[in-house]
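Asker: To start, I am sharing the structure in question, which I have written as structure tokens.
The values are calculated or read from the model by the stated rules, or taken from the named source; none is laboratory data. Keep in mind that this is a model prediction, so the values were computed, not measured. Please note: Cβ atoms are built from the backbone with ideal geometry, for glycine as well, and neighbour counts cover all protein chains shown.
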Amino acid sequence: MKKLAAVLPCFIAGASMAADVSFEQLHKQLDIMNNIIKSSVTSGDNRQNIKLSGVESTYLKGQGVLFTLRSQSRFGHWGNYNFDVVMPPMPPMPPLSPDQIVDIETTVAEAAEIADIDVEKEVAKAMENASRTYERVIEIHHDKHETYRDLREEQRDLAYELRDITREKRDMEYQLKRSEDKEDKAELKSELAALEKKKKKILASKKELTEKAKQIKSKQLAEQSKQETARKGYYENLSAAMAETLCLYGNGLKALPKGENVTVILKSGGDKLGRQYQDKIHVFTKRNINGCAIDKITSTQLLEKSKAYQF
């Protein structure tokens, strides 16, 4: 009973702390942090290539806050390109002069009509830009596909020719063994020599195509390696920028209880698994974020102290 009596106040105190979370305050602070992340992460000389298509946040009671960052990085598989069309903001109503106030219903209707036209224009413009980007990506991959397909067709045609030559040569050799006519033998030998010459020519072409295929494959692997290196660098910069942002502004999450965490998910920021990229996840403690805010640790150390994994 004494042990239970000693533990019970601690349990009640812990439950009280969890209940003391102000969801309204935390919600406001998360909205502010979302805007800070959007502007801070993408600003600076080293972050010119960082593009965010969205920042989402939520709170997991007893665990902490969760930020999900979606990037418009040009690195990655072409099928993962983000072609979302962002709806432009509604144009503001034009100010009304005193003589227009009398006919306010007409003015509002006209303003709304103008606004609708402007929005339609902006949407059409955004759709056109997204369409151009998509067509360009498709064109690049179509050209590569055409090159590989032509190469395979050439290799297949040569294989067919070699097969026909081998069959024809075997038939001629059979006829040559059975022929007793000198003229027939001479003609068959001449044809066999021509076939052998043709065969050597085809084999040379086949060797040339094989070498060409190796060069294309080598170039492709080099491009993929270069792209993957650049992609990893991109998300490393994004992780570092996020750590720096939390270091500078993370103490603004005052409603977040002590002992809880700030988790950041970089969508598709991890390694490739199958045909998809894993998410890159960093879990920062509020204690370390506050320590960075008062210069106890640097943003680099803050990132190093985070629990990082891919999922």
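Asker: Which residue, of LYS212, LYS226, LYS217, LYS232, is in contact (Cβ under 8 Å) with a residue 40 or more places away in the chain, on the phi < 0 side of the Ramachandran plot, out of contact with any Ser or Thr (no Cβ under 9 Å at 6 or more places or on another chain) and in a helix (DSSP H, G or I)? Walk me through it before giving the result.
Answerer: Working: LYS226 fails: in contact (Cβ under 8 Å) with a residue 40 or more places away in the chain; LYS217 fails: in contact (Cβ under 8 Å) with a residue 40 or more places away in the chain; LYS232 fails: in contact (Cβ under 8 Å) with a residue 40 or more places away in the chain.
Criteria check complete, one pass: LYS212.
Asker: Out of the range 243-258, which residues are part of a helix (DSSP H, G or I) and either in contact with a Phe, Trp or Tyr (Cβ under 8 Å, 6 or more places away or on another chain) or without any contact (Cβ under 8 Å) to a residue 40 or more places away in the chain (or both)?
Answerer: Taking the range 243-258 first, the residues part of a helix (DSSP H, G or I) are 243-252.
ALA243, LEU246, GLY250 - these are the residues of the range 243-258 that are part of a helix (DSSP H, G or I) and either in contact with a Phe, Trp or Tyr (Cβ under 8 Å, 6 or more places away or on another chain) or without any contact (Cβ under 8 Å) to a residue 40 or more places away in the chain (or both).
Asker: Could you grab me the full set of residues in the range 273-310 that are closer than 14 Å to GLY250 by Cα and assigned to a helix (DSSP H, G or I)?
Answerer: Residues satisfying the conditions are LYS286, ARG287, ASN288, ILE289, ASN290, GLY291, CYS292, ALA293, SER299, LEU302, LEU303.
Asker: Filter the range 277-304 down to the residues that are within 27 Å of SER53 (Cα to Cα), in contact (Cβ under 8 Å) with a residue 12 or more places away in the chain and not hydrophobic (A, V, I, L, M, F, W, C) and list them by number.
Answerer: Matches in the range 277-304: TYR277, GLN278, ASP279, LYS280, HIS282, THR285, LYS286, SER299, THR300.
Asker: Please state which one of SER239, SER225, SER218 is of a type in the set (Ser, Thr, Tyr), out of contact with any Asp or Glu (no Cβ under 7 Å at 6 or more places or on another chain), closer than 27 Å to SER71 by Cα and at pLDDT below 90.
Answerer: Values: SER239 fails: at pLDDT below 90; SER218 fails: closer than 27 Å to SER71 by Cα.
The match here is SER225.
Asker: Where residues in the range 266-282 are under 23 Å from LEU30 (Cα atoms) and buried (at least 17 other Cβ atoms within 10 Å of the Cβ), which of them is farthest from the chain's Cα centre (by Cα)? Walk me through it before giving the result.
Answerer: Going residue by residue through the range 266-282, those that are under 23 Å from LEU30 (Cα atoms) are 266-269, 279-282.
Narrowing further to those that are buried (at least 17 other Cβ atoms within 10 Å of the Cβ): 266-269, 280-282.
Values: LEU266: 10, LYS267: 8, SER268: 6, GLY269: 7, LYS280: 12, ILE281: 15, HIS282: 18 Å.
Filtering first and then ranking leaves HIS282.
Asker: When you scan the range 262-272, how many residues do you find that are of a type outside the set (A, V, I, L, M), closer than 17 Å to GLU56 by Cβ and in a strand (DSSP E or B)? I'd like the intermediate steps shown before the answer.
Answerer: Initially, the range 262-272 is screened for residues of a type outside the set (A, V, I, L, M), giving 263, 267-272.
Right, trim to closer than 17 Å to GLU56 by Cβ and you get 263, 267-269.
With in a strand (DSSP E or B) added as a condition, the list becomes 263.
Number of matching residues: 1.
Asker: Just need a number here: residues in the range 38-85 that are surrounded by fewer than 16 Cβ atoms within 10 Å (Cβ to Cβ), among the hydrophobic types (A, V, I, L, M, F, W, C) and at pLDDT below 55.
Answerer: Result for the range 38-85: 3.
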